[in-house]
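This report concerns only the one structure given below.
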Amino acid sequence: MIELRTPSEIDEMRAAGRFVASVITATTEAAAVGVNLLELDALAHEMIRARGAESCYIDYHPSFGASPFGKVICTSVNDAALHGLPHDYVLQDGDVLSLDFAASVDGWVSDSAKTIIVGTPRDEDARLIATTERALAAGIAAAQVGGRLGDISAAIGDVAEQAGLAVNLDFGGHSVGRTMHGDLHLPNDGRAGRGLKLKAGLVIAIEPWFIHDTDEIYTDKDGWTLRSRTGSRAAHAEHTVALTPEGPLVLTARD
């Protein structure tokens, strides 16, 4: 069931969006050469505790996960594309790090992700991240009341195609509300003018993610981390967006 939120409910969701944005900002700022992934998870965990929020990840156990996630933030490094399980790894110069975080505040969920380069950037990694951010911006711009879900997918896919990137359709965006993953699935490629009609009150997480040279992934032995088949690096960008008559409202906008 696809649920639509009232204007007052969307206002209530702003607090979760602000909090999730603050954790993404804090963890990206803390990420540096020599920092352990477990330190970033501990920082996010402490911010959850201090805010009185609830983690969407720690007890999360969908069919594709080997066990409950057990951590509060996803830390995907280099060839890890999604769902990176924090572990005892010290960040190295030039690592590509994606941070993906979702939490519930006062019963409402927001979800966001950002990819950064730790230390010295490689040009091809910087281009991949920039392409992913452009795809996110294009997807958000296409999230207009009266349009179709395929408009968002097509906007994201067009950016990927222009950059010569393949798109994996197994994992993509989703609706957000009282839970992290609602029934709506938003592929990162599609045909404009097709699919669900977009109505005011729909709240979705738009999340393009791309890999340098493939769209094929496999699950790491940790049972969670999704890695590129070729060992190529990946990037991920995500915002939670509410559709309003005035246009898309990015609930997880960062300062």
Residue match in the range 220-243 (condition: in contact with a Leu (Cβ under 8 Å, 6 or more places away or on another chain), among the hydroxyl-bearing types (Ser, Thr, Tyr) and closer than 15 Å to Asp170 by Cβ): yes
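Going by the structure shown, is Arg49 of a type in the set (Lys, Arg), farther than 25 Å from Thr179 by Cβ and either open to solvent by less than 10 Å² (accessible area, probe 1.4 Å) or in a helix (DSSP H, G or I) (or both)?
Working: of a type in the set (Lys, Arg): yes; farther than 25 Å from Thr179 by Cβ: no; either open to solvent by less than 10 Å² (accessible area, probe 1.4 Å) or in a helix (DSSP H, G or I) (or both): yes.
It is false that Arg49 is of a type in the set (Lys, Arg), farther than 25 Å from Thr179 by Cβ and either open to solvent by less than 10 Å² (accessible area, probe 1.4 Å) or in a helix (DSSP H, G or I) (or both).
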For Tyr218: the one exception among (1) over 28 Å from Glu29 (Cα atoms); (2) outside any loop (DSSP other than H, G, I, E, B); (3) under 18 Å from the mean Cα position of the chain (by Cα): (3)
Tally of residues being touching a Pro at 6+ places or on another chain (Cβ under 7 Å) and open to solvent by less than 10 Å² (accessible area, probe 1.4 Å) across the range 197-241: 2
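Among the candidates Glu133, Glu161, Glu207, which residue alone is at pLDDT 95 or above, among the acidic types (Asp, Glu) and over 15 Å from the mean Cα position of the chain (by Cα)? Give the derivation first.
Numbers: Glu133 fails: over 15 Å from the mean Cα position of the chain (by Cα); Glu207 fails: over 15 Å from the mean Cα position of the chain (by Cα).
Of Glu133, Glu161, Glu207, the one residue that is at pLDDT 95 or above, among the acidic types (Asp, Glu) and over 15 Å from the mean Cα position of the chain (by Cα) is Glu161.
Scan the range 6-29 and give yes if some residue there is outside any helix (DSSP H, G or I) and surrounded by fewer than 22 Cβ atoms within 10 Å (Cβ to Cβ), otherwise no. Spell out the reasoning first.
Residues of the range 6-29 that are outside any helix (DSSP H, G or I), as a first pass: 6.
Pick out the ones that are also surrounded by fewer than 22 Cβ atoms within 10 Å (Cβ to Cβ) and you get 6.
Checked the range 6-29: at least one residue is outside any helix (DSSP H, G or I) and surrounded by fewer than 22 Cβ atoms within 10 Å (Cβ to Cβ).
Could you check, for the range 188-195, whether at least one of its residues is closer than 27 Å to Gly231 by Cβ and either without any contact (Cβ under 8 Å) to a residue 60 or more places away in the chain or surrounded by fewer than 23 Cβ atoms within 10 Å (Cβ to Cβ) (or both)? Walk me through it before giving the result.
At the first step, the residues of the range 188-195 found to be closer than 27 Å to Gly231 by Cβ are 188-189.
The next check asks that each one be either without any contact (Cβ under 8 Å) to a residue 60 or more places away in the chain or surrounded by fewer than 23 Cβ atoms within 10 Å (Cβ to Cβ) (or both); those that pass are 188-189.
Within the range 188-195 (the criterion being closer than 27 Å to Gly231 by Cβ and either without any contact (Cβ under 8 Å) to a residue 60 or more places away in the chain or surrounded by fewer than 23 Cβ atoms within 10 Å (Cβ to Cβ) (or both)), the answer is yes, since at least one residue qualifies.
Would you tally the residues in the range 234-251 being outside any strand (DSSP E or B) and more than 22 Å from Leu128 (Cα to Cα)?
Start the filter on the range 234-251 by keeping residues that are outside any strand (DSSP E or B), which leaves 237, 245-246, 251.
Going one step further and asking which of them are more than 22 Å from Leu128 (Cα to Cα), we end up with 245-246, 251.
Number of matching residues: 3.
The values are calculated or read from the model by the stated rules, or taken from the named source; none is laboratory data. Note that the structure is a prediction, hence the values are computed from the model and not measured. A quick note on method: Cβ atoms are made from the backbone with ideal geometry, for glycine too, and the neighbour counts reach across all protein chains shown. Protein only, heavy atoms only, side chains kept; ligands, DNA and RNA dropped before computing areas. Shrake-Rupley method; radii C 1.70, N 1.55, O 1.52, S 1.80 Å.
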